[in-house]
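Taking it in order: structure first as structure tokens, then the write-up.
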Amino acid sequence: MTLKDFFHLLRCNWLLLLAVPLVTASSIFFFTRKEVKEYASDTTIYTGIASTFTINENNEGNAYANNKAYGNLLSLIYSRATKQEVAIRLLARHLMLTKYDSTVLNSETYQHLNDLVPVALRQKLVAPSLEETINNLTVYAQSSQDNVISKVLASDSPSYSLEALSKIAAFQVDASDLIKIEYVSNDAAVCQQTLEELTQIFIRKHKQLQEGQNESVVSYFGVAAAKARQRLDAAEKSLLAFQNTNGIINYDAQAGNTATQREAFTQQANELELQYAGASSALRTLENSLKDQGISNLSSQEAYQLSNQLTKLRTQIANAEVFDNGKGDINSTAGTQKLQKQADQIERQLQEKINQYSAQNQSKPGVSSASLVEDWIKNSILTEELKAKLLVMRKQRDGFGKEYQKVAPLGAEMRKLERERVLAENEYLAVLNNLDQSKVTQQGIELGSRMKVVDPPYLGPNRAKSKRLLLVLFGAIGAMFMTAGGISAVSLLDQSLKTPAFASLKTKLPVFGVLPEKTTSDQQIALFRKAEDQLARQLLLKMQQKKAAHEPYIIGVMSSHAAAGKTMLTSSVSARLNALGIKSAVFLPESHLLQPSLDNTTAFYSPLQGLMPSIMLNDLLGMNSVSSAVVFIEFPALLEKAYPSAVLPQLDLVLVAVNANKPWEAADKNIFESISKITKAPIEVVLNRAQVSVTEDYIGMRVIGTTEEPEVSLSSPETQWQAQTAFYS
């Protein structure tokens, strides 16, 4: 389909193109006559997601995290729980009104609220405070899916339903930290209150969500820190009990001191052993000397008694010195000094006794026996003193040996307990550090999640722009385009032979002419006559091609089916030729249903007689055919009745009458392919009942409103003479 064909198609269907958009626009206007007024409001919230400095870090630059954060915010705004809480809080606030208040809601919303919630239920749910009323509504709504509040939330209420709150639109303002929330409602005050409630709920939920993300971490580390502290206390108590049980203050120092003292006592004991052995040997020598001098009973002598006392005191002094061992005990030092004074006193007494004894006795070899006694007494004292020290030293050495044997095995257990304490302490410190970090993070989240409303909702004075005019306009335009598309689609799907070009394409035959639908309209009658003139001119051109000029020009008019316009075609063209002075005759089959009035140019013939192969045209048609210049033979419907096939070779031209509103089928194609094999005459198509515009385009002139000069009629005497001369020459 060309652009010209498209516009031609639209021009032919202009009434439909005008009626459908008008009906559509009128319908839209009618059904939107009760359009509800809508009021719009918005609010802007500063989120601080990208530009807020927290305790831990600066969030700026982390685009992926920021996008996720904005996605979380928008999801929180659009969540069903948020919308439901907004609806319940708004409903609770309005239910608490004791009378109508125009600053809170308009009269339509107030009446709608009274219709939604019965008075009895309203008295039951409304409490003295807003929070109690909200709690009552929430509990009541969650108690059943069939109660009044649940039905209100699930209804199409313009103020209190989830469907109404679905009009909430939230988006990020450019690339900033701002989020803008818009809402449209049929009540300006309700629109503003809805945004206020939504803002408060959204900020609270976001803060709870942010804090809840770290709350579990803080709780976990708090419990872990308490358990770690318990393990540390248990380890310290075990270590302390072990030290108390075993008398350990500083194990390493005590173990080292014990080993050192044991070594020192061992060395001193060895030295005392040597001294004691020497003193014992000297004492035995002196005792032998005294026996030689006849002094054998030394124990009964007074000097010997004093010597024994002195030995005991020296032993006590030695024990005191050994056990004190440099401890600096004041009491031990005072006792030692007292013993030393007693020892010095007994030693002076013993010296006096020895001096007295020396004056009385002399030794045999000239040595005073007093000197031997004195030496014996000194050696006895020394020997006893060394013996006492040695005994004490051995006891001390054995005691330190037992202490060492006791302390040495405690080292492994001590190190184990100390290691357990260190591990418990390190674990406690690590958990405590994580707890501190999580608390710092939580504090940072609390600081970073403090949103701020920078542009609060307003009570919009202007109604939201109505889209009614746009709906009407676009509805009409859309209907027009859809109608044009439908007309084009129907035209493309239509297989009827509506135009000469399409008829030639489908039939594979040339188009001889076009005849429009004949009506009573003067303009269409004039157009029909123009088409007849065009057919007559075409026929005169065809007649010039016949070689035998004095024989009649035989034209067979055919069609596949009846009512194709054959009779109208033959009668019209025959009348135009007769008007030109060219005698023509029309022969109709005797079964013709119309049975037109007979005249000298019209006759009937028998199609069955024309089936005889040897029949001549004069035998079939009579002598009228010989005296006529043009003979029109109308064939019966080829696909319905028998037709005179013997006449086909004698034809000079075959005109196929087809209706413009009928398709060309395979049967039509096959029958005319068979006829083309029998006759040598050209087969051409005449398109009947064509549209006026198609006829005008084909004949090349306009009838309606034309300004062209009138064409010279073919019925003028000059034209008749020229046509007869051309025919008979």
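Among the residues examined, A175 qualifies as on the phi < 0 side of the Ramachandran plot, surrounded by fewer than 18 Cβ atoms within 10 Å (Cβ to Cβ) and either modelled with pLDDT under 90 or in a helix (DSSP H, G or I) (or both). Here is the figure for segment 182-194: residues that are buried (at least 22 other Cβ atoms within 10 Å of the Cβ) and either under 27 Å from the mean Cα position of the chain (by Cα) or among the β-branched types (V, I, T) (or both) total 3.
Within segment 124-147, the set of residues being under 17 Å from L97 (Cα atoms) and either of a type in the set (V, I, T) or not in a helix (DSSP H, G or I) (or both) comprises V126, A127, P128, S129, T133, I134. Number of residues in segment 240-278 that are at pLDDT below 75, more than 18 Å from K395 (Cα to Cα) and either buried (at least 16 other Cβ atoms within 10 Å of the Cβ) or of a type in the set (S, T, Y) (or both) equals 5.
Consider L17 carefully, then state whether it is in a helix (DSSP H, G or I), at pLDDT below 80, buried (at least 16 other Cβ atoms within 10 Å of the Cβ) and not small (G, A, S). Here the answer is no, as L17 does not meet what is asked. Number of residues in segment 495-512 that are crowded, with 18+ Cβ neighbours inside 10 Å, part of a loop (DSSP other than H, G, I, E, B) and of a type in the set (S, T, N, Q) equals 1. Of all the listed residues (V86, V119), the sole one being over 30 Å from A175 (Cα atoms) and either in the same structural domain as A170 (by TED's automatic domain parsing) or at pLDDT below 90 (or both) is V119. The number of residues in segment 316-346 that are more than 21 Å from A269 (Cβ to Cβ) and modelled with pLDDT under 60 comes to 4. Evaluate the following for P644: is it touching a residue at least 12 places away in the same chain (Cβ under 8 Å), over 60 Å from the mean Cα position of the chain (by Cα), surrounded by 20 or more Cβ atoms within 10 Å (Cβ to Cβ) and more than 24 Å from N578 (Cα to Cα)? Answer is yes for this residue.
Modelled with pLDDT of 80 or more and surrounded by 14 or more Cβ atoms within 10 Å (Cβ to Cβ): does that describe V431? When the stated conditions are applied, V431 passes them. Look at segment 64-75: where a residue is assigned by TED's automatic domain parsing to the domain that holds I45 and a partner is assigned to a helix (DSSP H, G or I) and at pLDDT below 85, sitting 6+ places away or on another chain with Cβ atoms under 7 Å, you get L73/H206. Does segment 654-671 include one or more residues that are at pLDDT 85 or above, more than 28 Å from Q691 (Cβ to Cβ) and surrounded by 21 or more Cβ atoms within 10 Å (Cβ to Cβ)? No; the residues of segment 654-671 include none that is at pLDDT 85 or above, more than 28 Å from Q691 (Cβ to Cβ) and surrounded by 21 or more Cβ atoms within 10 Å (Cβ to Cβ).
Could you check segment 110-135 and list, in sequence order, the residues that are of a type in the set (S, T, N, Q) and in contact (Cβ under 8 Å) with a residue 24 or more places away in the chain?
Within segment 110-135, just T133 meets the criteria.
Sub-8 Å Cβ pairs linking a first residue in segment 486-507 that is at pLDDT below 80 to a second residue that is basic (K, R) and surrounded by fewer than 15 Cβ atoms within 10 Å (Cβ to Cβ), at least 6 apart or interchain, number zero. Screening Q208 on (1) surrounded by fewer than 20 Cβ atoms within 10 Å (Cβ to Cβ); (2) in contact (Cβ under 8 Å) with a residue 60 or more places away in the chain; (3) within 19 Å of A81 (Cα to Cα) shows it passes everything except condition (2). Of the residues making up segment 111-136, those that are of a type in the set (S, T, N, Q) and under 18 Å from E85 (Cβ atoms) are S129, T133, N135, N136. Search segment 100-146 for residues being within 34 Å of the chain's Cα centre (by Cα) and among the β-branched types (V, I, T), and hand back the single one that is surrounded by the fewest Cβ atoms within 10 Å (Cβ to Cβ). Ranking the qualifying residues of segment 100-146, first place goes to V139. Every condition in (1) farther than 17 Å from Q192 by Cα; (2) among the aliphatic types (A, V, I, L, M); (3) more than 33 Å from the chain's Cα centre (by Cα); (4) at pLDDT 90 or above holds for I149 except the one numbered (3). Could you please let me know if S161 is at pLDDT below 90 and farther than 14 Å from M96 by Cα? No; evaluated as a whole, the condition is false for this residue.
The values are calculated or read from the model by the stated rules, or taken from the named source; none is laboratory data. Note that the coordinates shown come from a computational prediction; the quantities given were computed from them, not determined experimentally. FYI the Cβ positions are ideal-geometry reconstructions off the backbone, even for glycines, and counts take in every protein chain you see.
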